[in-house]
Structure formats: structure tokens, C-alpha cells
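The values are calculated or read from the model by the stated rules, or taken from the named source; none is laboratory data. If you're wondering where the values come from, they're calculated on a predicted model, not measured in any experiment. When we count neighbours, we look across all protein chains shown, and the Cβ atoms used for this are built from the backbone with ideal geometry, even at glycine. In case anyone asks, the SASA skips ligands and DNA or RNA and just uses the protein heavy atoms, side chains included. Shrake-Rupley method; radii C 1.70, N 1.55, O 1.52, S 1.80 Å.
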Amino acid sequence: MLKHLAQLCLLSASALILSACDWSSDDPNVTTDYTVGGTITGANSAILVINDTGGNPDSVSTDASFSFSGQPQSGACYTRGCAYAVEIANQPSGQVCSIANAAGTIGSSSVTDIAVTCTSSPESIAYSFTGGVDGGQPVSGLSKGFDGNFYGVSARGGDYGFGSFYQFNPSTEQTTGLYSFGVTATDGRTPQSGLTQACDGDWYAATSAGGANGSGTFYKITSAGEERVLYSFGATPADAAKPQGLTIDITSCPNPTPTFYGTSTSGGDNGAGTIFSLAFDGVNWTEKVLHSFGAAETDGAIPVAGMARGEGVTTGKYYGTTKNGGDWGYGTFFEYDASTLQITRLHSFGATAADGRYPNQKPRQGDDGNLYGTTSAGGSNELGVIYKIVPSSGAETVLYTFQGGVSDGARPSSRLKIGADGNLYGLTSAGGYFDKGTFYQITPDGVETTLYSFAGAGSSDGAIPNASLLREVNGVWWGTTVSGGASGQGSIFSISVAP
């Protein structure tokens, strides 16, 4: 409801919010009270508005008008010179509503031109996690299996509260919890890294906790939910600990002896994280630390994401980032050559105020051979950036700086994905109309468009998307949120993007 002078006027969920907080007037003798309002068109269900007195809400449906008016005891200002701002507190189910002429200053007459227009939403919630055996807080996203189903892991839920491995059928939109982590004292816990299906049909991934040493595991699991721990990290102080993501060395089949490369946020000679490999000799899996971060003050430290496998002229090389370290302490971008076992720092983030800081995702190699990624902070607004790096030289370009607010995202939270149109797509965990995150598109030239704002609380929509996207050939994008949904435990969503 409307608050007093100089406060944001908050209304209840599924309502319009009105702020009228400027008591200034260019004519103190004018005491006429005006109204502030407009029309709502296209809504598929009733939208609630609350007048400034805080009385009973009035139901407003499609093609209806609404207005707010002041009364002396309300503390609201509806005379000449008063500022107003109307916002949407919740979206109708399956729709996206926008406002034109939402803010301004009252002149010599009532305001009647605020226009709320509702259209069909490109996004729909396919499943809401319950936090039970199906899982909760799915932070790894979805991977498509050879059988056409999607698979993923959640960081919470399951029978023991330490996460689950689940199957999602995109045709029926049914989710089945297949395995609960933490079944034994040496099992993995809190799985967060994405799944990779190898040529044997099994899924391989890492957990950041649990295992024989409490520092995470490397495991495989069948599509039926039969799990086996292959390695427990943290066997020695110099070993990798708390792994953050794996990349298989090749994707073509058959591949009888695959090798995985990964990073860890802890462990290594300096306790600042590692690059490691996991190789299979036909009988056993062997882990090897390939590089220990933090050897010098300017070296990278704490890689919080896995690495991207180079292709084309960069085949045999892997690219990743560290959250800390570098020349200014805001992280680095590095190249690891698997043939020479050499690591090269290509860029230190934070060189200028406009540069990104704290890179947080695997980079993505584009069709042009360049590497694209995001930082969780930095840029002119300190809300994160999208960057491009030329691998041959390490030259970095900031393609886009997030603006935040109602029309743009903030804090990019997913690895970039290339669409069929050649553009890049991603998610933010904040910003957008409800500050619950966005789904966005950016061209290779740096033109960004917010395609959807997640609604979160007060609706069944998801909130805070924080995992990689899955693109289907029909132009539908699938993803997960760590919050929101009917039970507040996260959701699986789909978004249709016109070709």
C-alpha cells in the first residue's frame, strides 16, 4: 500500500504498486486533488489494484481502467507537482505485462494515460521441485541423454537432504528422482557440477562435498540411478579439493579411454585451487594435479568453474578463469595446453573501472574462434559484464555492461550458449522487472536484449536462474532456477524464442 512521504509505495502481491512521494508544488495555493490511472488491456485474469487509502482491493480485469486518488488522511500527494510511479507487483499466469507512461509529475489535470498491456509469455514452468526425493535447488542445469530425456542434479533435497539425481521427460513434463546423495558416509554430497554422458551411456560428474575425505567426489551414475564413487578428492593436502566442473577430452564415440579435465576451488600446493585430470586405464580411474594456483601474488586463484575445450586451431587446449588473483586481484583468464602441460595467463580482470571483475562461468568458444564469458561484478555499474577474448593474443573486449533495474539483468549467472541464429544467450540471477533474474540475448557485436524477467515470489514462476541453458532444435530453451516455483525449491522452465 502507499507509504508516507519519500517512501516507496508498496502494494500487495498481484497488485499494482504506486509511489506518490513528491510534495512539491509550483503553486502552494493549488489544493485540487487529481487522480492517477489508466487502462489494463490483454490480461487473461483479474489483476488486483489497491487504492492509496489502503482499503479493500478492487478487481480489475481485461480492458478495464484503474485509478488512484488521494484523501487528506491517506498521507498521499495527488495535487499539482506531485510525482507518481506505477509498477507491476505480479504477472498474470502465462503472461508478461508492461507499462507505458508509468511515471511522471501531476500537472494541472488528472493522469489518465498509464497503459498496462499484457501479452502471452514466452516462458512456462514445466516443473516445480518439492525439496523431497525429486530434489531442491537445482544448480547444475539440464543435460539431454541419448534416450531423449533430460537429466540433472540438485544441491538439496533427496532422501537425505544432500541432493538428488533426477530425470525429466520433456514430453510429459514429469520429473523422477532416481538417486539420493549421501546414502553412505563416503558418498558425494551437494552435487553442483553439470553432467556429462560418456560413450558408455553413463553420466559422469563431481560433487563439491562428501566423499571419503569430505572434499568432494568424482562419480558415475546410470540413467536408471545406479551410482558409484570413482574417486574421493582431498586425499592429501596438495590434492585437488572441492571440484567445480569437468570437461571430457573428446565427445565423439567410441572413446574407450576418456580423460576428464577439471578445476577445484581448494587444494593444491598453495591451497588456492587446481587444474586436474581424471584418466581411465580400462580398469581404474587415476587423478592427477596438473597445476596448483596461487604460486605468486599475481597468479590466478580459486577457479570457480570448469574449463572449455578448445576446438579448431585451439584443439588440445583448455580455457578457464579464476575468481581471484591476477595483477589486480579480480581474477584471471588462462589457457592450459594438455600436450605441453603448460598454463598461460591471457588476461587479468579489473585493469580498468569498466572491465569485469570476478569471472564466474566457463567461457564459451564462438564460431569465430574467440572465447566469450561473463563476470559476476565489475563494469561501469558493478553489476557484471560480458567479455570476449582472442585466444591467440589474450586481447579482451568488454562487449556489454549490465544495467540492472526493471529493464535489464544484473549478475550474470550462467555459461553463455550459442543459439541457432549465431547469437549468444544467457541468464542473470538478479535484475529484471522483479529483480529475480533475466533471460537475455546478446549479438557477437554486443547488442543485448532482455527477453524475459523471472517473477519469483508471489507467483509460481521460478526465481534466480543459476545454471546453464539447454537448447533444443525447435527453438525452445530449457533451464532451471534455484528458487521460486510452487514450493519455493526451484523450477524447470522453458522459453520459446522466435527463429
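Which order, highest average first, do 279-290, 33-44, 257-268 follow once you tally other Cβ atoms within 10 Å for each residue and take the mean per peptide?
In decreasing order of mean packing, 279-290, 33-44, 257-268 become 257-268, 33-44, 279-290.
As a test question: what accessible area, to the nearest 10 Å², does residue 220 have when a 1.4 Å probe is rolled over all protein chains in place?
In the full protein context, residue 220 sits at about 50 Å².
Could you sort the peptides 398-407, 100-109, 209-218 by per-residue average Cβ neighbour count (10 Å cutoff), highest mean leading?
In descending order of packing, they fall as 209-218, 398-407, 100-109.
Determine the relative contact order of segment 219-318: mean sequence separation of Cα pairs under 8 Å and six or more apart, normalised by residue count, in whole percent. Could the numbers behind the result be given before it?
On the way: 220 pairs, mean separation 22.5, N = 100.
Across segment 219-318, relative contact order equals 23 percent.
Which percent of the accessible area of segment 433-473 is formed by carbon and sulfur heavy atoms (probe 1.4 angstrom)?
Details: 770 of 1600 Å².
Carbon and sulfur atoms account for 49 percent of the accessible area of segment 433-473.
Roughly how many debye, to the nearest 20, is the charge dipole of segment 210-280 about its Cα centre, given +1 on each Lys and Arg Cβ, -1 on each Asp and Glu Cβ, and no other charges?
Charge dipole of segment 210-280: 80 debye, to the nearest 20.
Using the crude model of +1 on Lys and Arg Cβ and -1 on Asp and Glu Cβ, and no other charge, please compute the dipole size for the chain relative to its Cα centre, in debye to 20. Let's see the in-between values first.
Numbers: 22 positive and 42 negative charges, 129 e Å.
Using only the charged Cβ atoms, the result is roughly 620 debye.
Given a cut-off of under 8 Å on Cα pairs at least six residues apart, what relative contact order in percent is computed for segment 294-396?
20 percent
Percent of Cα-Cα pairs per 10 Å bin, from 0 to the last occupied bin, for the chain, please list those.
Histogram of Cα-Cα distances, whole percents per bin: 4, 18, 26, 23, 14, 9, 5, 1, 0, 0.
Please report, in debye to the nearest 20, how large the charge dipole of segment 76-174 is about its Cα centre when each Lys and Arg carries +1 at its beta carbon and each Asp and Glu carries -1 there.
Around 260 debye, computed over segment 76-174.
Would you check the chain for Lys pairs whose C-alpha atoms are within less than 24 Å, ignoring same-chain pairs closer than 8 in sequence, and give me the count?
Lysine pairs, 8 or more places apart or on different chains, close enough: 26.
Once you sort the root eigenvalues of the Cα gyration tensor of segment 351-439 as a ≥ b ≥ c, which label holds: rounded (a/c under 1.5), prolate (a/b larger than b/c) or oblate (the other case)?
Judged from the Cα gyration tensor, segment 351-439 comes out oblate (a/c at least 1.5, b/c at or above a/b).
What is the Cα centroid distance between segment 375-440 and segment 263-319, reported in whole angstrom?
Going from one Cα centre to the other spans 25 Å.
Could you order peptides 367-373, 195-201 by the average number of other Cβ atoms within 10 Å of their residues, highest first?
Final packing ranking: 367-373, 195-201.
In whole percent, what relative contact order does the chain give with Cα contacts below 8 Å and a gap of six or more residues?
9 percent
Need one number: % antiparallel among DSSP beta bridges in the chain, to the nearest 5.
Numbers: 133 of 140 bridges.
Beta bridges within the chain, antiparallel portion: roughly 95 percent.
With a 1.4 Å probe and every protein chain left in place, work out the accessible area per residue of the chain in Å², rounded to a whole number.
Here the residues of the chain average 40 Å² of exposed surface.
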